[in-house]
Amino acid sequence: MALFEDMEGLLAKSSLKSFAKIIDATEWALGTPEFERFAREGIADLYNHGLKKEAYIVGSGVWKREQLLRITADRTETQRRFFTSKRRALMWLKSEGFSLS
């Protein structure tokens, strides 16, 4: 909950028309069905604020990727990708016009 509240606060203070996010889920444990519901709602709010690219670092496991597919939307105006390393995720976001600055 705190993550989404912090992101909403940052977005409210900015004049960004679009943005990307990178999430390192390599040490993340799978969430409960309640977590999935809450996360879907929080991510939907981010889409409404201009989220265009989502980079998820999941390592080599497939379970995290499957749960992330359930909580993120399959949208034409937003692209999501899954990576085994932070370096590859950052390279993709940079190639798409986003940076960490």
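The values are calculated or read from the model by the stated rules, or taken from the named source; none is laboratory data. The structure displayed is predicted, hence computed values, not measured ones. Cβ sites come from the backbone with ideal geometry, for glycine too, and all protein chains shown count toward neighbours.
Points worth noting:
- Just one of (1) more than 12 Å from the chain's Cα centre (by Cα); (2) surrounded by 13 or more Cβ atoms within 10 Å (Cβ to Cβ); (3) of a type in the set (A, V, I, L, M, F, W, C) fails for Leu100. It is (2).
- Residue check, Ala12 farther than 23 Å from Leu100 by Cβ, among the hydrophobic types (A, V, I, L, M, F, W, C) and out of contact with any helix residue (DSSP H, G or I) (no Cβ under 6 Å at 6 or more places or on another chain): no
- Region 10-101 holds no strands (runs of 3 or more DSSP E) entirely within its bounds that carry 1 or more residues that are touching a Pro at 6+ places or on another chain (Cβ under 7 Å) and touching a residue at least 40 places away in the same chain (Cβ under 8 Å).
- Some residue of region 77-93 being modelled with pLDDT of 90 or more and closer than 21 Å to Ser14 by Cα: yes
- Some residue of region 81-88 being among the polar types (S, T, N, Q), touching a Gly at 6+ places or on another chain (Cβ under 7 Å), over 24 Å from Glu5 (Cα atoms) and surrounded by fewer than 18 Cβ atoms within 10 Å (Cβ to Cβ): yes
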